[in-house]
Amino acid sequence: FGKVRKLVVRQLENLDLQPIDKIKIYSDFKINAQLLIPSYSTLAKSPTLPSLSEAAKLDIETILRLIMVRERALQKAAEDGCRSPTSASAGDEYVRRTICEIFGL
């Protein structure tokens with residue numbers, strides 16, 4: 001069973017899934033959450049929040065954690081002197097570290 005699961009995960013990693021869909025699938029099937037860091041990062045740095053229909057695919061805890069990451073990144077960008085801060089202004093490494101901290105990865 002372990003070999004089949006690894007094969008499925010490899011195949012999933014090759015698919016071009018939207019971040020929300022990837023998070024939903026990986027969470028539902030308890031696939032290594034470390035693999036979701038790029039998806040979390042994409043959503044956290046996006047200039048807009050997910051639509052209501054997209055957000056409905058995720059549980060409230062995941063949504064709140066993503067909002068926490070966005071808020072911390074926005075605050076960091078503002079503290080660093082960015083004139084028009086966005087969550088993306090905080091930098092990839094800061095966002096990645098914040099995701100790992102908030103999601104416990």
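Work out, step by step, the length gained on full extension between Cys100 and Thr48: first 0.36 nm times the residue separation, then minus their alpha carbon distance; give nm to one decimal.
Once the chain is fully extended between Cys100 and Thr48, it gains 16.6 nm.
Full extension from Ala78 to Val8: what is 0.36 nm times the residue separation minus their Cα-Cα distance, to one decimal in nm?
My answer for the length gained is 21.0 nm.
In deg cm²/dmol, rounded to 500, what helix-only [θ] at 222 nm does the chain give when every DSSP H run of at least 4 residues adds -39500 (n - 2.57) and the total is split over its residues?
Theoretical 222 nm ellipticity from helices: -20000 deg cm²/dmol.
Short version: what are the Cα gyration tensor semi-axes of the chain, square root of 5 times each eigenvalue, largest first, in whole Å?
That gives 27, 14, 11 Å for the three semi-axes.
As a test question: what accessible area, to the nearest 10 Å², does Arg10 have when a 1.4 Å probe is rolled over all protein chains in place?
Taking all protein chains as shown, Arg10 has close to 140 Å².
I'd like the carbon and sulfur percentage of the solvent accessible area for the chain, probe radius 1.4 Å, heavy atoms only, ligands and nucleic acids excluded.
Details: 3920 of 6930 Å².
Roughly 57 percent of what the probe reaches on the chain is carbon or sulfur.
Express the relative contact order of the stretch 18-105 as a whole percentage, based on alpha carbon pairs under 8 Å and six or more residues apart in sequence. It would help to have the intermediate numbers written out before the result.
Values: 92 pairs, mean separation 27.1, N = 88.
Relative contact order here is 31 percent.
Rolling a 1.4 Å sphere over the protein heavy atoms, what is the accessible area per residue of the chain, to the nearest Å²?
66 Å²
The values are calculated or read from the model by the stated rules, or taken from the named source; none is laboratory data. It should be emphasised that the depicted structure is a prediction, and the values quoted were computed from it without experimental measurement. What goes into the accessible areas is simple: the full protein's heavy atoms, side chains included, and nothing from ligands, DNA or RNA. Shrake-Rupley method; radii C 1.70, N 1.55, O 1.52, S 1.80 Å.
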